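Chemist: This is the structure I have questions about; it appears just below.
The values are calculated or read from the model by the stated rules, or taken from the named source; none is laboratory data. Only a predicted model underlies this, so the values are computations on that prediction, with no experimental measurement involved. For neighbour counting, all protein chains shown are included, and Cβ atoms are generated from backbone atoms with ideal geometry for every residue, glycine included. All accessible areas refer to the heavy atoms of the entire protein, side chains included, with ligands and DNA or RNA removed. Shrake-Rupley method; radii C 1.70, N 1.55, O 1.52, S 1.80 Å.
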Amino acid sequence: MHPLSIHVRNGAAMFLAAASGATDAIGYLALGNVFTSAMTGNLALLGIALAHRDGERVGRVLVSLACYMVGAAIGARIARTPEPGDPVWPSAITRALAIEAAFFVAYAATWWTVGAQSNIFGKAALLGLGAIALGIQSSAMQRFGAGLGLNTTFLSGSLVKLVGRLATGHRYRDSRQHLLVLVGLVCGAFLGALLVLHAPTFAPAVPLVALAVALCASGWQARASTRAAKVALAAAVPGR
């Protein structure tokens, strides 16, 4: 694998994690203290809401959980599972991210239509759209395989892998993709929260811009793969 392609892939993953962090921050601060990608946190929130007999919050969590599962199913159908000979960035991931982008556009349009202070139905729609988008992203990133572990939504595993590999003597550069996605998540959450608190109109722009950067990177990867294939073909066929 060409080092530049790996750097671009890891950078794209960082921006996807930023989209996840921003959407979670928006959901928690503006849509009723519910996450759109951190389903472990949502399951804990569900238990807390049940203990408090808070039916409205139970409903919000269930909307997010159900829509996330729908998105995960869509992403899995599009991205499929890892295959021998996969390039650095399989094209199926790009197709899944394009569908995710459509849901994020709908998310932003809904936000700009109903606003941060919408009623319960508007908030449910926003939670659902965000959760579907990030469910798609979560499944799409599984195409990279468990060995690489390039998750961009549920990052406890990335933290454990980073710490474990460093603690057992592995080089940092062999694990830096895990640090990049963790940094992306925190930065995205910071920007999302900052805008919700001080300029809520612009809050949905964070996941949109982050996803756009990732899609641009995936387009570059596709062109690089095509060029590499042409070079390999020319080398394999004398006289071409």
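Chemist: Whole Å is fine, so just give me how far the alpha carbon centre of segment 154-173 lies from that of segment 200-225.
Modeler: 26
Chemist: Right, next: On a 0 to 90 degree scale, rounded to 10, what angle separates helix 176-198 from the longest Cα axis of the chain?
Modeler: In the chain, helix 176-198 runs at an angle near 30 degrees to the longest axis.
Chemist: Would you kindly find the accessible area of residue 156, with a 1.4 Å probe and non-protein molecules such as ligands, DNA and RNA excluded, rounding to the nearest 10 Å²?
Modeler: 90
Chemist: Right, another one. With viscosity set to 1.002 mPa s and temperature to 20 °C, compute the Stokes-Einstein D of segment 64-197, Rh being the Kirkwood radius across alpha carbon pairs; µm²/s, no decimals.
Modeler: In µm²/s, the coefficient is 132.
Chemist: While we're on this one: How large a share of the accessible area of segment 1-42, in percent, is made up of carbon and sulfur atoms when the probe is 1.4 Å and the other protein chains stay in place?
Modeler: Numbers: 970 of 1380 Å².
That share works out to 71 percent.
Chemist: Now, a different point. Per residue of the chain, what 222 nm ellipticity follows from adding -39500 (n - 2.57) for every DSSP H run with n ≥ 4, rounded to the nearest 500?
Modeler: It lands at -26000 deg cm²/dmol.
Chemist: Highest first, please rank the peptides 209-219, 11-21 by the mean number of other Cβ atoms sitting within 10 Å of their residues.
Modeler: Peptide ranking by packing, descending: 11-21, 209-219.
Chemist: While we're on this one: Probe radius 1.4 Å, ligands and nucleic acids left out: which of 8, 186 has the largest accessible area, and how do the rest follow?
Modeler: Per-residue accessible area, sorted high to low, gives 186, 8.
Chemist: Highest mean first, how do 133-146, 102-115, 42-55 rank when packing is the count of other Cβ atoms within 10 Å averaged over residues?
Modeler: On the way: 133-146: 24.4, 102-115: 17.2, 42-55: 14.4.
The peptides rank, most packed first, as 133-146, 102-115, 42-55.
Chemist: Using only Cα atoms, tell me the angle between helix 91-114 and the longest principal axis of the chain; keep it within 0 to 90° and round to the nearest 10.
Modeler: Long axis of 91-114 versus the principal axis of the chain: about 30 degrees.
Chemist: Could you tell me which of rounded, prolate or oblate describes segment 1-138, using a ≥ b ≥ c as the square roots of the eigenvalues of the alpha-carbon gyration tensor, with rounded for a/c under 1.5 and, failing that, prolate when a/b is larger than b/c and oblate otherwise?
Modeler: Prolate shape, in that a/c is at least 1.5 and a/b is the bigger ratio.
Chemist: If the viscosity is 0.692 mPa s and the temperature 37 °C, what translational diffusion coefficient in µm²/s does Stokes-Einstein give for segment 143-195 when Rh comes from Kirkwood over Cα pairs?
Modeler: Rounded to a whole number, D works out at 279 µm²/s.
Chemist: Considering only protein heavy atoms and a 1.4 Å probe, what is the carbon-and-sulfur percentage of the accessible area of segment 70-141?
Modeler: Its accessible area is 66 percent carbon and sulfur atoms.
Chemist: So, one more: Residues of the chain: accessible area per residue at 1.4 Å, in Å²?
Modeler: Details: 11700 Å² over 240 residues.
Computed with neighbouring chains in place, this is 49 Å² per residue.
Chemist: Taking each pair of distinct Cα atoms in the chain once, what is the resulting Kirkwood hydrodynamic radius in Å?
Modeler: 18.5
Chemist: May I pose another question? What angle, in degrees between 0 and 90 and rounded to the nearest 10, separates the Cα long axis of helix 156-167 from the longest principal axis of the Cα atoms of the chain?
Modeler: The angle comes out near 50 degrees.
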